[in-house]
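Engineer: Have a look at this one.
The values are calculated or read from the model by the stated rules, or taken from the named source; none is laboratory data. No experiment lies behind these values; they were computed from the predicted model shown. Counting neighbours? That spans all protein chains shown, and the Cβs are built from the backbone with ideal geometry, glycine included. Side chains are part of the model used for accessible areas, which takes the heavy atoms of the whole protein and leaves out ligands, DNA and RNA. Shrake-Rupley method; radii C 1.70, N 1.55, O 1.52, S 1.80 Å.
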Amino acid sequence: MTHTSSLHALARRAGAATPPAFAARVRGLSDRAVAWLFITPTIVLLLAINVFPLIWTIRLSFTNYRANRPNAPLRWVGLENYTSILSDPDVWHAMQTTAHFVVWSIALQVLLGFGLALLINRQFRGHGFWTTVILLPMMLSPAVVGNFWTFLFQPQTGLFNTIVAVLAGRDPSSFQMIGDVALAPWAIVLVDTWMWTPYVMLICLAGLRSIPDDLYEAAEVDRAGPWRRFWSITLPMVLPFLMLAVLFRGIENFKMFDMVNLLTSGGPGSTTEVASITLKREAFEKWRTGYSSAFAVILFVTVFGLANIYVKVLNGVKQR
């Protein structure tokens, strides 16, 4: 009671301190105006954090600006940066590497995540504990995961090499997951799959839990077998959730930087140099700010365009 009365007293003092003219104006506002009054600071903040940097990046992409030479004369180069990027074989190699990483990591995450969701959905004894255990990798920071797996991939002392050597009967130091040209890309796919499969599992599990039991009961009355129920009920009902998971993971994996940077830094050579690593090197090692701004705009347009096409396909699936 004391706490409630103190709040009422504070509200009365605040009301008394409010200028009468301002209070009258506020009372005269419509609900729509009051709503805009509350959301305007958020909109201004979003414009300052997101829209303004994007516009500034687009502007810099048409110049020769270098961040390490802020006082140098700024020259307008038009589309020169864009044509240089689109004709650079190193950029296309980075895009191909990114596409390899995105496709294989998403494919594995969807298959494993959907399989784990089917298993957890069975409500077996201790499923809550095992669900928490499966979710642990997703709760870790990418920096922690990168350092953790760098240690696991060590040829001499790494647990991963030791387990593979025992199963395959090979010397643990005979291969290097993050130092071999052929294995390094798959090491990144493996780590990303280990970390983000639980995320896909959660989305699929939400889809499985949303399926009405009446559908399965009706299928059992019609004497439909387990495979028939899976292909006719489970998969079609979960498919929109699966496609949503693919969309989220595709956008995030296309922007992947921290984990790749910690594991391989784009090496060996440029084998695992994804687009974000190339962008970082152009911006903060070569200090070609205008060039890197154009590259960032191209990546943004690419992700936005692919996501837009995918959303249209997703809407088409939902309407069927």
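Engineer: Compute the Rg to Rh ratio over region 127-285 from the alpha carbon atoms, using the Kirkwood formula for Rh, and round to two decimal places.
Structural biologist: My calculation of the ratio gives 1.10.
Engineer: Based on DSSP H assignment, which helices of the chain show an axial Cα extent of at least 24 Å together with a mean Kyte-Doolittle hydropathy greater than or equal to -1.0?
Structural biologist: For the chain, where a helix must reach 24 Å along its axis and average at least -1.0, the hits are 89-120, 184-209, 235-254, 289-319.
Engineer: Right, another one. Hey, what number do you get for the chain at 222 nm if only DSSP H runs of n ≥ 4 count, each worth -39500 (n - 2.57), divided across all residues, to the nearest 500?
Structural biologist: The helix contribution divided over the chain gives -23000 deg cm²/dmol.
Engineer: What percent of all Cα-Cα pairs in region 225-320 falls in each 10 Å bin, counting up from 0?
Structural biologist: All Cα pairs, binned at 10 Å, distribute as 14, 31, 25, 17, 10, 3, 0 percent.
Engineer: Now a separate question. What number comes out for the charge environment of Trp186, summing +1 per Lys or Arg and -1 per Asp or Glu over other residues with Cβ under 12 Å away?
Structural biologist: Result for the local shell: -2.
Engineer: Here is a further query. Could you order Asp88, Asp214 by accessible surface area, starting with the largest, using a probe radius of 1.4 Å?
Structural biologist: Asp214, Asp88
Engineer: What does the net charge come to around Thr197 if you take all other residues with beta carbon closer than 15 Å to its beta carbon, with K and R at +1 and D and E at -1?
Structural biologist: Net charge in that neighbourhood comes out at -1.
Engineer: Here is a follow-up. Could you pull out every residue, at least 5 positions away or on a different chain, whose amide H is within less than 5 Å of the one on Ala67? Hs are placed 1.01 Å off N in the peptide plane, and Pro or chain starts have none.
Structural biologist: Residues meeting the amide H criterion: Thr289.
Engineer: Dividing the alpha-carbon Rg of region 270-313 by 2.2 N^0.38 Å yields what?
Structural biologist: Dividing the Cα Rg of region 270-313 by 2.2 N^0.38 Å gives 1.38.
Engineer: So for the pair Asp214, Ile58, with labels modelled 7 Å out along Cα→Cβ, what separation do we get in nm?
Structural biologist: Label-label distance for Asp214 and Ile58, simple model: 4.9 nm.
Engineer: Then there's this: In Å², and per residue, what accessible area does the chain have when probed at 1.4 Å with the other protein chains present?
Structural biologist: That works out to 62 Å² per residue.
Engineer: Measuring from the lowest to the highest alpha carbon on each principal axis, how far does the chain reach, largest first, in angstroms?
Structural biologist: Each principal axis gives a Cα extent; for the chain these are 85, 75, 48 Å.
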